[in-house]
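Participant: Before we start, here is the structure in question, set down as structure tokens.
The values are calculated or read from the model by the stated rules, or taken from the named source; none is laboratory data. Being a predicted model, the structure only gives us computed values, none of them experimental. So basically every Cβ, Gly included, is an ideal-geometry build from the backbone, and we count neighbours across all protein chains shown.
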């Protein structure tokens, strides 16, 4: 079975500070991993995805994530937070096998607050 | 710019009434998902379709929820009768499942309030 755990339901940073949102995964097959962002009153939007190519993945809005197999992690980072980054972030892993092919399992989400 | 559309965006109804939510997936996508999002439960998968055929609806309360895809451009989620505990934001997502990417594109959601 595949699952993800997001460490920390709330993260607060100052504008200009490093953003680090943590995600650990469990997967019985080579994982495909995703980060989505949800702004208030909107749907989820794909930030970036890892599909077994480069382990450092760059996404939109200056975000990136590094796949570390030894740590089963896929943490999301951004060097300098902007006020517009305030949102909820979801880590997800593909579900493999049979009719489940195509499904994603989502983490519980991390709300990022950015202070001036 | 292709995107998933959902109607209505907001719906307020009274307990016992029928609610129908509609979704237009991105043209060419072969998989459609229905999710429900609440503060308490987070994001829950209700049902999903591949090439219009239902693959899994185990996340749905069977007695009151139903999901269909009458054609490739329309997916519907119906609740009959609605209850206050159904109040949530319902998202539709679509994707082209091929080659393993499994990326899903989400619509803006329908915010349902059942009084």
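Participant: Exactly one condition in (1) touching a residue at least 40 places away in the same chain (Cβ under 8 Å); (2) buried (at least 18 other Cβ atoms within 10 Å of the Cβ); (3) touching a helix residue (DSSP H, G or I) at 6+ places or on another chain (Cβ under 9 Å) is not met by residue B:15; state its number.
Facilitator: (2)
Participant: For region B:81-103, give me each residue that is more than 13 Å from the chain's Cα centre (by Cα) and within 14 Å of another protein chain (Cβ to nearest Cβ).
Facilitator: Listed by number, the residues that qualify are B:95, B:96, B:97, B:98, B:99, B:100, B:101, B:102, B:103.
Participant: Can I ask one more? Tell me which strands (runs of 3 or more DSSP E) are completely within region A:36-116 and hold 3 or more residues being over 15 Å from the mean Cα position of the chain (by Cα), or say none if there are none.
Facilitator: It comes to A:110-115.
Participant: Further question: Of everything in region B:37-80 that's assigned to a loop (DSSP other than H, G, I, E, B) and under 23 Å from residue B:2 (Cβ atoms), which residue is farthest from the other protein chains (Cβ to nearest Cβ)?
Facilitator: B:73
Participant: For residue A:43, work out the one condition from (1) without any contact (Cβ under 8 Å) to a residue 40 or more places away in the chain; (2) away from every other protein chain (no Cβ under 13 Å); (3) buried (at least 21 other Cβ atoms within 10 Å of the Cβ) it doesn't fulfil.
Facilitator: In the conditions (1) without any contact (Cβ under 8 Å) to a residue 40 or more places away in the chain; (2) away from every other protein chain (no Cβ under 13 Å); (3) buried (at least 21 other Cβ atoms within 10 Å of the Cβ), residue A:43 misses (2) alone.
Participant: Looking at A:99, A:105, can you tell me which residue is at pLDDT below 95 and either touching a helix residue (DSSP H, G or I) at 6+ places or on another chain (Cβ under 7 Å) or closer than 22 Å to residue B:88 by Cβ (or both)?
Facilitator: Unique residue meeting the criteria: A:105.
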